[in-house]
Every structure is written in C-alpha cells, then in structure tokens.
Amino acid sequence: MNVFQELQARNLVAQVTDPEKVEALLAGAEPVKFYIGFDPTADSLHIGHFVQAIVMSHMQKAGHIPIALFGGGTALIGDPSGRTDMRKMLTRAEIDHNISCFRQQMATMVDFSEGKAIMVNNADWLLDLNYVQFLREVGVHFSVNRMLAAECYKARLEKGLSFFEMNYMIMQSYDFLHLNRAFGAVLEMGGDDQWSNMIGGVELCRRSDGKEVFALTSNLLLTSEGKKMGKTEKGAVWLNPERTSPYDFYQYWRNVADADVINCMKMLTFLPLEEIAEYAKLQDAALNAAKEKLAFEVTALIHGQTEAQKAQEAAKALFAGAGEGGSVPTTVLADADFTDGAIDIVTALVQTGLAKSRGEARRLVDQGGVFVDDAKADSIAFAIAKEELPVLLKKGKKGYHRLEKEMSE
C-alpha cells in the first residue's frame, strides 16, 4: 500500500486535483516536496492542526519532504473561510509569538532534522512585495467573479466581504508559486475547507510559470452527525498542556461517541489498519476498550507516553469512584491559595472537601491514604507546587478531586 492509498484508507483524502497523477507522484522513487499552511491565530495548535501534522508524518514516513508554512504574512489579514464575520486583526508581535509556539509544537510531531523537513514563514516574502508590481504579476490572473463564487467567501458575502479579506486567496495562492520556485514544492495539502484557496495556487502556478502542481485536501475531523470535533463547553481542545491538560485531552478522546471512535483511530493514530479493523468489530460496552486505546495513543503522540499513562490511570481511578461517565469534582485555586508558590496537602484536602477538618486531613495523611496523581503524600509537610497543576488528589480508593490553577488573563 503506497502512502496515497494509506491516506485514503484512513479517511484522510477528500479532494484531489488529479488523483491518478498524484498517486503516481507519491508512489514514485523520488521524494516529493509538499507543504501545509498553518495560520498562527493563537498561541497553540489545535485538533484541526493535529490532523494535518498526522498527514505530514505519514508523508514523511513514506520518504517525502514536508514544508511547514507558518502564515506570518497571511495571518495579518486572516482567512475568511467559513467565517460570518471578519477575524480579529492581530499585531506583528502577537503573530511572531504564536509562530514561536507553533514551531516548538510542530517539532514534536514531525522530524525537522537536516534534509527531513523545512519550516518557513510567509512573512519573509509577502511583507516585502511591491503592491503595484504584485497586482500586475499575480492579481491579473484572478477573476473576481470566480473568487466570489468560491466556498471560502460565501459565508462572508451576507454581511459584507471587505477588499482587505479578498486579498487572502491571492496571497495564499502566491505562497504556492513562491514555494515552487524556491523549494520545488509541487503539492499543497490541507483541510477540505481550504480547497478554494488551494485551487487558486494550482491555477496561479500554471498561468504564471506554466508549472503543473497539485492540491490534495483531507477530510475535516467530524462527528457522525457532521459537527466539527475538537470543541468542548470550555472551548477548543488545544495541544498546549497549559490550555488543555493531558488529563482533559485524554478524557476528550475517551468520551467520543461510539459511532466516531473508529474514524478517529484511523485519522489520528498510526495504529495499523488491521488492528483498527479488529477494534471495529467491538460493540456496545466492549467499545470502551477502543476508546481507551484511542485516548492513550493520541495523548501519547502529543504529550508523551508518561503523561498518557498518568492520564489513563487517573481516568480509571475516577471511573472507579464516579461510575462510567461520572463528572469529575474540580476546585480552581486562586493565587491567594498558594504560599510561596505551593499549597500544603492538609489545606488542599480541606479546601476540596475530601476532609471536613484539618485534624481529619492530618489523620488521612498519617494513615497513608492520600495521593497526588501517583505520588503518595507521606507527611503533612507534603505540598503541591502551583506549576504542577492540574493534579488529581485522591483519598483512598473512591475519594478523588481535581485541582486546577486559575487561568491568567
């Protein structure tokens, strides 16, 4: 099975400009340089980005060379795709900070050692363009009528599409032209919501330089009901542990609907398809084994094996106490709750309600029945540092409470 077929089997192929040529290209002996763009609109990658990082990794494992394109230039405008209003305009400083965060996270998922992959920032070429010259060389190849008919602009037309946002497609298309000229990139990949923008780049390379290049989109990660995954009541599921803790990250995947678990396994893990097929045979309560496997694998890819193991053990402890699907008691600690950057175990037990008094809390500790994650609180001097949060505070086998720190603005 070549990488194109592997991506298809994992539901990671949606639309392709020329499927037969792209498959032949990816199955050939020569490595293919391809790119995926990431606009740095936040200081952390999210689940949608993770799908694309998985695609990159599949391609890299097959011998191809990824180019991770960070949109330091395009983020100054903001992608109108799927939006009913204009995105918040970010400053250069905010964008640069976000890109530095993206670089660190991306390096944990893709091998960027010498010759294996490339990181670029489109601010390096977009911000120095001469606008009139750019319009003469690039803008002349774009039809406004065709642009307005594109999916990426449809939702914006009702409330009014600014000329500012109209430039986004042209700039993203120019990225392909630049990367083809500078690096020999012949394939752009991305989420299916980017199809219109990607077609623009393919057409620009053909019209401007007479080059044949290709585009391939992957399916968005959707529930069986067609809703985007990666959203909770608290907001997006982030890859940054400061935004979404490894435990909460694990729990999100542990609690996916029965109808979604196998598709998530295909799209978000590197488990062999044969093994996934065995999990697909499970039904009803037996599917919990598949959900636990999914949650562990995805958490390990983002946060490492150790954090995945800790999250799994904490989840099992909670299920033992609360029952399947039970809610997790949680206390959020403010700065005033810490002394010298820590909270002592006795205060923590009382504050969470696991002990009714400080005397009872001391007795529980002395009896050896109190744990913080996997660490035994072996004396009343035991303290929990602020930077260690969130943690799971456990009393015996069925008493548990989650401690979090208040998020700074």
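Two tests apply to each whole DSSP H helix in the chain, Cα reach of 27 Å or more along its axis and mean Kyte-Doolittle hydropathy of at least -0.5, and the ones passing both are 163-183.
Counting Lys +1, Arg +1, Asp -1, Glu -1, what net charge surrounds Cys205 among other residues with beta carbon under 12 Å of its beta carbon? After counting each charged neighbour, the total is -1.
Once Rg and the Kirkwood radius are both taken over the C-alpha atoms of the range 3-218, their ratio Rg/Rh works out to 0.94. Over all other residues within a Cβ to Cβ distance under 11 Å of Ile384, the charged ones net out to -3, with Lys and Arg as +1 and Asp and Glu as -1. For the chain, the mean residue ellipticity at 222 nm estimated from helices alone is -13500 deg cm²/dmol, where every DSSP H run of n ≥ 4 contributes -39500 (n - 2.57) and the total is divided by all residues, rounded to the nearest 500.
On the principal axes of its alpha carbon atoms, the range 330-405 extends 29, 21, 20 Å, with the longest extent given first.
Could you tell me what a quarter of the Cα convex hull surface of the chain works out to, in nm² with one decimal place?
So the Cα hull casts an average projection of 22.9 nm².
Note on Thr91 and Ala385: their simple-model spin labels are 3.1 nm apart, each label 7 Å out from Cα toward Cβ.
Throughout, read-outs are computed from the coordinates displayed, never taken from laboratory work. No experiment lies behind these values; they were computed from the predicted model shown. Backbone-built Cβ (ideal geometry, glycine too); neighbour counts: all protein chains shown.
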